[in-house]
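The values are calculated or read from the model by the stated rules, or taken from the named source; none is laboratory data. In this text, all values refer to a predicted model and were calculated from it rather than measured experimentally. Note: ideal-geometry Cβ built from the backbone for every residue, glycine included; neighbour counts use all protein chains shown. To get the accessible areas, we keep the full protein, side chains included, count just its heavy atoms, and leave off ligands, DNA and RNA. Shrake-Rupley method; radii C 1.70, N 1.55, O 1.52, S 1.80 Å.
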Amino acid sequence: MRLDRFLSETTELSRSLAKKALHREEVEVDGEVIKNPATQVDPNSRVMWKGLPLALVGLRYVMLNKPSGVECSARRGRYPLVRELVDLPHVERLQTVGRLDVDTTGLVLLTDDGQWSHRVTSPKRRFGKVYRVNLAEPLSGVALDRAVADFAAGIQLEGEEKRTRPAELSMRTPTEAELTLHEGKYHQVKRMFTAIGQHVVALHRESIGPLTLGDLAPGEWRELGEGEIGQF
Ligand code: URA
């Protein structure tokens, strides 16, 4: 890797500011001051900027229990961003794997590994996402039987070309449902319940494929282990 790129990946310097730092003789590689931005370095090179050692960060994989009022977006708008809850270097490089609405709580994955993110979200891989859904009105009897059948057959949502993929619905209490989806359309859970005349009052994602939140409290996060990453 070129030295100017190494500097921009390991510090807050842009490529052009990295070149200026090199020109000012602020950078040493293996004990020698280097000014040429095209100098090749590798992960074993000892690179120092203003006397501080720099190291490349590898790809990161994080699970987080999203509280309500936090946004799964790349840019700060009205709400704080989920990645602002994560205390890791270069956290701005982490992207959420899919999205939850601002008012939805629960399991969110973040990574800077685009290919992994794609594998997790690809409908072809059919990783189930389990949601706990609290409804305004009880759902039982014939209406429940119909909803289970409709969700299993796929719902035609407004503005969508295709029906939703088969989804599994069951009730934990008359107003608390468990819904497993194998895809992630915009506001999908809320729109599916609206389509059967129900209103969602609270939505929480409990798991994505084999990953569950475990005892992570709202707002808490942890890095995934290699075994967990490799499951996707
Ligand atoms: N479906 C929704 O309606 N909202 C979410 O946040 C996730 C799935």
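Annotation: lysines with alpha-carbon distance below 25 angstrom to residue 185 (same-chain offsets under eight excluded): 66, 124, 129, 162. A simple rule links phi to the HN-Hα coupling: the Karplus curve 6.51 cos²θ - 1.76 cosθ + 1.60 with θ = phi - 60°, which for the stretch 40-52 gives 7, 10, 10, x, 8, 5, 8, 9, 10, 10, 6, x, 9 Hz, with x for Gly and Pro. The Stokes-Einstein estimate for the stretch 174-232, based on a Kirkwood radius over Cα pairs and taken at 4 °C with 1.567 mPa s viscosity, is a diffusion coefficient of 93 µm²/s. Annotation: amide H of residue 232 has no partner in the under-5 Å range at sequence separation 5 or more or interchain, hydrogens built in the peptide plane. Would you calculate, for the chain, the mean residue ellipticity at 222 nm contributed by helices, counting each DSSP H stretch of 4 or more residues as -39,500 (n - 2.57) and dividing by all residues, to the nearest 500? Value at 222 nm, helices only: -6000 deg cm²/dmol. A 1.4 Å probe run over the protein chains yields, for the stretch 134-232, 55 Å² of accessible area per residue, whole-number rounding. Rounded to the nearest 10 degrees, the angle from helix 141-153 to the longest Cα principal axis of the chain is 40 degrees.
The slack in the chain from residue 215 to residue 165, taken as 0.36 nm per residue of separation less the alpha-carbon distance, amounts to 15.0 nm. Positive end of the dipole of the stretch 61-223 (Cβ unit charges, origin at the Cα centre): among 133, 173, 114, the Cα lying farthest that way belongs to 114. Put a dot 7 Å past the Cα of residue 30, heading toward its Cβ, do the same for residue 73, and the two dots end up 4.8 nm apart. Whole-percent P(r), the chain, all Cα pairs, 10 Å bins from 0: 7, 27, 25, 19, 11, 7, 4, 0.
In this structure the amide hydrogen of residue 71, modeled in the peptide plane, comes within under 5 Å of the amide hydrogens of 81, 82, none closer than 5 places in sequence on its chain. Spin-label model, residue 46/residue 102: points 7 Å from Cα along the beta carbon direction are separated by 5.1 nm. Here the 3J(HN,Hα) profile of the stretch 86-93, calculated from phi with Karplus coefficients 6.51, -1.76 and 1.60 at θ = phi - 60°, is 9, 9, 9, x, 6, 5, 5, 7 Hz, Gly and Pro shown as x. Length gained on full extension, residue 178 to residue 226: 14.4 nm, using 0.36 nm per residue less the C-alpha separation. Considering only alpha-carbon pairs that sit under 8 angstrom and 6 or more positions apart, the relative contact order computed for the chain is 20 percent. Compared with the alpha-carbon gap, the fully stretched path from residue 152 to residue 187 is longer by 10.8 nm at 0.36 nm per residue.
In straight Cα distance, which aspartates and glutamates are under 16 Å from residue 19, not counting same-chain residues fewer than 8 positions off? Reachable aspartates and glutamates: 4, 9, 28. Normalising by residue count, the stretch 3-54 has a Cα convex hull of 63 Å³ per residue.
A convex hull fitted around the alpha carbon atoms of the stretch 12-99 yields 129 Å³ per residue.
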